[in-house]
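Structure first, then comments.
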Amino acid sequence: MTVTIAARAECLVYPQLVFLPRSGGIIQQDSVVRLDRAFWTTLSPPSELYAAALSDIRMSILQGQLQVLRGEEPGKEYLEMVELLRGELAEAHAQHLP
């Protein structure tokens, strides 16, 4: 992923992308995960990422993104957060936004 895509993912421009910042030695680099290509399994993961936990705020953001992907109406707080975060995008990353 490019720096621009990562910045846009962090600002919720693309609901199918989740921005995961590095944390506590578990996630070594800032990362972007595609929700539209994700699948769930009952098998144990092949890495130590299962030890990572998302904050309540990031989980609520993720819930809003999943609602958008399912064609449901996200909550008012999520929409306000998207508007607020998009306003924080640097000009270089904000060009050609939908």
Task: Restricting segment 8-53 to residues that are assigned to a strand (DSSP E or B) and not aliphatic (A, V, I, L, M), the residue that is modelled with the lowest pLDDT - done: Ser23
Task: Residue count for segment 67-98, restricted to those that are under 15 Å from the mean Cα position of the chain (by Cα) and of a type in the set (S, T, N, Q) - done: 1
TODO: Take Leu62 and decide whether it is within 12 Å of the chain's Cα centre (by Cα), surrounded by 10 or more Cβ atoms within 10 Å (Cβ to Cβ), modelled with pLDDT under 90 and closer than 17 Å to Val18 by Cα.
DONE: yes
Open item on the list: Quick check on this structure: which one of Leu79, Leu85 is touching a residue at least 40 places away in the same chain (Cβ under 8 Å), under 17 Å from Ala9 (Cα atoms), of a type outside the set (Val, Ile, Thr) and not in a loop (DSSP other than H, G, I, E, B)?
Closed with: Leu85
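The values are calculated or read from the model by the stated rules, or taken from the named source; none is laboratory data. None of the values given here were measured: they were computed from a predicted structure. For neighbour counting, all protein chains shown are included, and Cβ atoms are generated from backbone atoms with ideal geometry for every residue, glycine included.
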